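What follows is a short report on a single structure.
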Amino acid sequence: MVKSSSSDKIRILVIGSGGREHALSWKIAQSPRCGKLYCAPGNGGISEVAELVNIHAEDIEGLLRFAMEQKIGLTVVGPEVPLVGGIVDEFSRNGLAVFGPAKELARLEGSKIFAKEMMKKFGVPTADFKAFDESDDAMKYLETRKGPLVVKADGLCAGKGVVVCKYIEDAKDAVKKMMRDRVFGDAGSRVIIEECLEGEEASILVLSDGKTALPLASSQDHKRVFDNDRGPNTGGMGAYSPAPVVTDGLFKKIMDTVIHPMINGLAKEGKPYKGVLYAGIMFTKDGPKALEFNVRFGDPETQAILPRLKTDLVDAILASIGGTLDNFKLEWDSRACVSVCLTSGGYPGDYEKGKEIKGLEDAAGMADVVVFHAGTKLGGRATDAHRLFLTTGGRVLNVTALGGTIEHAINTVYEAAGRIHFDRMHYRKDIGHKALLRVKV
Ligand code: AMP
Ligand code: GLY
């Protein structure tokens, strides 16, 4: 474990309520720098490591008031909506240390057109695209094209704004829904139509202080609800780290062609990017290409990355804010980590809530296992001796295990998942299998 000075304890606030925020809170709580830890609004599992604050993650004014009153020394923002809404500018204006990009740069996630324009400007490899702000123009353009194509709403759509279209008719339908029917509201007032790429995907996240980009370990998400990447897209059904598809050579190439051009390009324009920059990468036959940028930690990638991080996360975040990442090193556990999401039956469609979760202690008591909560709350019959958790969301738990090999981590995580039960529980049985195949080859 890398040592940090425990001289100044800091009061820390984590914003958000999912598995990512449980992983962040769990890791931050282990820091010698961490004084009182709060999470707003948090969830049942997070209440075991932080005091929950009943303020919504999107209520920037309410969060600011709380942080001022409680003299919060560091705020870590989980989800994108408050970042895109300008929470970093608001907190900074009031002298509060906060980890994330300013509103202008949070547009890298908040506007897909802005992200594409920046990629083009800085020469980052990405799919060819055209942006439209009139549906008639988009429709006319589609007449000149052949499928497959990808249609993307410009604004934030909670992960639902991307439609991969095999045929032009599907693309027209997507444009109609986004631009004319406004199914995503104003987020669909502008769209991108882009070339459809093929290949395996991985997530590369870096901490940036505006000048230096310090990469986190590679990871891979599993977006579809059923095994073998079938069924509708979800917020993420599981993740593992490292992702063997990202060889050392490819890692370097991504840093050289995607991450550094972005961070350096923005710095040269006088817009230093501070916070986590998340690049969604597709490994095409022409090399790695950036699909998207997010301006925050990934969910569920974070649940598979942080258990491998040996370095104090609070020190790393403070170095990002303070602009001293050039002197900072991250140390990693060489073991593999696999995180499997247990969901409510029916998710990502309609599902029932309020189901009692059984077997949590049995699973979490296993060696090298940690269970992060995504959608739970403490139930009414909970006592100090017996904590009763109820489901409150589609994604309920992220069962996570470390293993000397990816195979070992997979075996352990599924043994742990098998000890947990709630009515209509669903999970994918193939998290990590792509990594397993690569390792075997
Ligand atoms: P994004 O929000 O841009 O990452 O898109 C979500 C998902 O859509 C990605 O993880 C990919 O699986 C898929 N996707 C996005 N852009 C493309 C593209 N140009 N070609 C193929 N698939 C894409
Ligand atoms: N894992 C996808 C995301 O965090 O956006």
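The values are calculated or read from the model by the stated rules, or taken from the named source; none is laboratory data. Because the structure is a prediction, the values reported are computed rather than measured. Using ideal geometry, Cβ is built from the backbone for each residue, glycine included, and neighbour counts are taken over all protein chains shown. Please note that ligands, DNA and RNA were not included when accessible areas were found on the heavy atoms of the full protein model with its side chains. Shrake-Rupley method; radii C 1.70, N 1.55, O 1.52, S 1.80 Å.
Leaving out ligands, DNA and RNA, what percent of the accessible area of the range 53-164 is carbon and sulfur, probe 1.4 Å?
48 percent
Long-range amide H contacts for residue 332: which residues qualify at under 5 Å (H placed 1.01 Å from N, peptide plane, sequence gap of 5 or more or a different chain)?
Answer set, sorted by chain and number: 310.
Using the C-alpha atoms of the chain, what convex hull volume per residue, in cubic angstrom, is computed?
145 Å³
Given the chain, what percent of its DSSP beta bridges are antiparallel, to the nearest 5?
80 percent
Sequence-distant or interchain residues sharing an amide H contact under 5 Å with residue 284, placed H: which?
For residue 284, the qualifying residues are 289.
Among the lysines, which have Cα under 17 Å from the Cα of residue 434 when same-chain residues fewer than 8 positions away are ignored?
Of all the lysines, those that pass the test against residue 434 - Cα under 17 Å, at least 8 places apart if same chain - are 223.
Using a cut-off of 17 Å between alpha-carbon atoms, which aspartates and glutamates can reach residue 27, once sequence neighbours fewer than 8 places away in the same chain are excluded?
Filter leaves 48, 51, 299, 301, 312, 315, 331, 333, 368.
Hey, what do the phi angles of the range 217-227 turn into as Karplus ³J(HN,Hα) couplings, whole Hz, using 6.51/-1.76/1.60 and θ = phi - 60°, x for Gly and Pro?
Couplings: 5, 5, 7, 9, 8, 10, 7, 7, 6, 10, 4 Hz.
Give the value in nm², to one decimal: projected area of the alpha carbon convex hull of the range 204-309, averaged over all directions.
The number I arrive at for the range 204-309 is 7.1 nm².
Treating cross-link reach as a plain straight distance, find the lysines whose alpha-carbon is under 27 Å from the alpha-carbon of residue 140, omitting any fewer than eight places away in the same chain.
List returned: 112, 116, 120, 121, 130, 152, 160, 166, 172, 176, 177.
If we sort 65-78, 95-108 on the protection proxy, mean other Cβ atoms within 10 Å, highest first, what's the order?
Listed from highest to lowest mean packing, they are 95-108, 65-78.
Please state the relative contact order of the chain as a whole percent: Cα pairs under 8 Å, 6+ residues apart?
Averaging sequence separation for qualifying contacts and normalising by length gives 16 percent for the chain.
Of the lysine pairs in the range 303-401, how many meet both conditions: Cα atoms under 18 Å apart, and a spacing of 8 or more in sequence or different chains?
Going through the range 303-401 pair by pair, I get 4.
Given a 1.4 Å probe, how much area per residue of the chain is accessible, in Å²? Mind showing how you got there, number by number?
Working: 18730 Å² over 441 residues.
Spelled out: the 1.4 Å probe surface of the chain, per residue, equals 42 Å².
Can you work out the Karplus-derived ³J(HN,Hα) for every residue in the range 61-74? Use 6.51 cos²θ - 1.76 cosθ + 1.60 with θ = phi - 60°, whole Hz, and x for glycine or proline.
After applying 6.51 cos²θ - 1.76 cosθ + 1.60, I find 4, x, 5, 4, 4, 4, 5, 5, 4, 8, 6, 5, x, 7 Hz.
How much of the accessible area of the range 322-441, probe 1.4 Å, is carbon plus sulfur, in whole percent? Walk me through the numbers before you get to the answer.
Details: 2800 of 5860 Å².
The nonpolar share, carbon plus sulfur, comes to 48 percent.
Given a 1.4 angstrom probe, I'd like the percentage of the accessible area of the range 232-283 that is carbon and sulfur, rounded to a whole number.
For the range 232-283, the apolar C and S fraction of the accessible surface comes to 60 percent.
Tell me which residues come under 5 Å, amide H to amide H, from residue 221 once H is placed; ignore anything under 5 positions away on its chain.
Here 203 satisfy the definition.
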